[in-house]
Amino acid sequence: MTIMRFIQSGLWTLLLFFTPVPPVLSQTVPVQTVNGVPMPDFAQITLGNLPALVEGGSIAVTDPYIVAQLGYDPSRTWLAGDRADQVMMLGDVSEAFGLERFSLQDIARLGLSQSLDLKKLALSELKPLAVNTVADIVTALGYEHLYPEQVPLLRDILSSLYTGEIPYATLGELVRQVPEFAQFSLGAVNLALYGLAALPGLDSLAIGLLRGWAEQFVRSIPGLSDVPFAQYLLFPTSFTGIASLVSLPLTTVEQKRTRTITGSNRQGFAVPCERECLHIEMGDPLRGRQWIGKHQQVRGGHGYLASLNGGKEPTGRHPFGPWGKVVLTGVQEKTGRADFGLYLRVCIKVPLAFGAVLDLGCSPYCIGPIPWLPTQDVI
């Protein structure tokens, strides 16, 4: 029988599948072998190399007040075949992963391929720069006491605004005294003509200190898609627990399953299934308990974003923490195989002026499924 390990840590449970993994799987979801058992290898899994989404979907935030407060519209649409790094914005996973805390230097050092060459990077490749003004950059990079000649990009912008002699003053003084310069958008410059040296210190600046960071898709930050989960600043690092067995995978013909171990953070993880009860039955020490499949929808999310996707998400569990949800997506009774998918969610908590915080909560887990590790009955 297939061995499953339930790892309890605090308020969440980690599920590991102790089952031989077909060769094709190792090419899509990186795995590592521990004591002869294949498990997800988070030192090799990135948002860029996760398998493509199986289904399309959308998120629509229609309240103009919320959009105005955020300063961007988090609405989006994705298609089957899109990758997670194309769909997830930095603001979605700030609380879960803290990706905005990385600098370009960090990303170049931590990326699996280490192919990010900062010496060859054009400023146009760092997408948040285009929505920043001169004043934003002077503040973020601490240029107040520098002179324009020390910052090539700002020197060239200043020269374009003056036909006569450029005043001799620090950048801080110029930002305070020349509104036209202060509010000049970097998006109005051909940033492809400049490298990182045109903004000294930019390579060591945390991405989250740039205006507009939260609305950037992970793929829009050079090299970030190549950083593995294990390097994320807020990712779990250790797991312990007890073992159980998968007894039998069953299709949706069975109804009224009441001894379940699946659900949601909002409803708990023993939500009965009335109909379309695709499931797997557990063996010892959870004999008779059922892991219900994706056809069962449960309440999910919290706060303003809980209304997205009709407030529903597929039933499942949170094996590796609240950032993702593992869901049973299909079974093959003849072969004893059970397939699982990973679902992601959007959480938005953005700092505002004067220390205020706009916390919109989290959506249901509705971005997925991303093919995950299957189990296989080995009898």
- Message: Using a Debye calculation, one point per C-alpha and no hydration shell, please list log10 I(q)/I(0) for the chain at q = 0.08, 0.10 Å⁻¹ in order.
- Response: -0.49, -0.71
- Query: Using θ = phi - 60° and the Karplus curve 6.51 cos²θ - 1.76 cosθ + 1.60, what whole-Hz ³J(HN,Hα) does each residue of the range 320-328 get, with Gly and Pro shown as x?
  - Reply: 10, x, x, 5, x, 10, 9, 10, 6
- Query: Efficiency by 1/(1 + (r/R0)^6): what FRET value for His145 and Thr77, r their Cβ-Cβ distance, R0 = 56 Å, to the nearest 0.05?
  - Reply: 0.80
- Note on the structure: Check: C-alpha center the range 159-237 vs C-alpha center the range 294-372, spacing in Å is 33
- Message: Show me, for the range 111-122, the HN-Hα J-couplings you get by feeding each phi into the Karplus relation (A = 6.51, B = -1.76, C = 1.60, θ = phi - 60°), rounded to Hz, glycine and proline as x.
- Response: x, 4, 7, 6, 8, 6, 9, 5, 5, 9, 6, 8
- Using only Cα atoms, find the angle between the long axis of helix 152-161 and the longest principal axis of the chain, and express it within 0 to 90 degrees, rounded to the nearest 10. 60
- Straight-distance crosslink candidates among lysines, where the alpha carbon sits under 25 Å from Lys312 and sequence neighbours closer than 8 are dropped: Lys256, Lys294, Lys325, Lys349
- Considering amide H positions built from the backbone, and no H for Pro or chain starts, which residues 5 or more places from Gln216, or on another chain, come under 5 Å of its amide H? Leu90, Gly91
- Message: About the Cα centre, and with charges only on the beta carbon of Lys, Arg (+1) and Asp, Glu (-1), how big is the dipole of the range 99-231? Nearest 20 debye, please.
- Response: 300
- Note on the structure: Once the dipole of the range 27-116 is set up from charges on Cβ (+1 Lys and Arg, -1 Asp and Glu), the residue from the list Tyr65, Ser94, Ser75 lying farthest towards its positive end is Ser94
- Task: Give the long-range amide H neighbours of Gly330: residues separated by 5 or more places, or on another chain, with amide H under 5 Å away, using H modelled in the peptide plane at 1.01 Å from N.
- Result: Asp339
- Assuming R0 = 35 Å, what is the FRET efficiency of Val34 and Gln69, from their Cβ-Cβ distance, to the nearest 0.05? 0.15
- Student exercise, the chain dipole from Lys, Arg, Asp, Glu Cβ charges, in Debye to nearest 20: 1360
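A short reminder: the numbers here are calculations on the coordinates, not readings from a lab. None of these values were measured; they are calculated from a predicted model. Cβ sites come from the backbone with ideal geometry, for glycine too, and all protein chains shown count toward neighbours.
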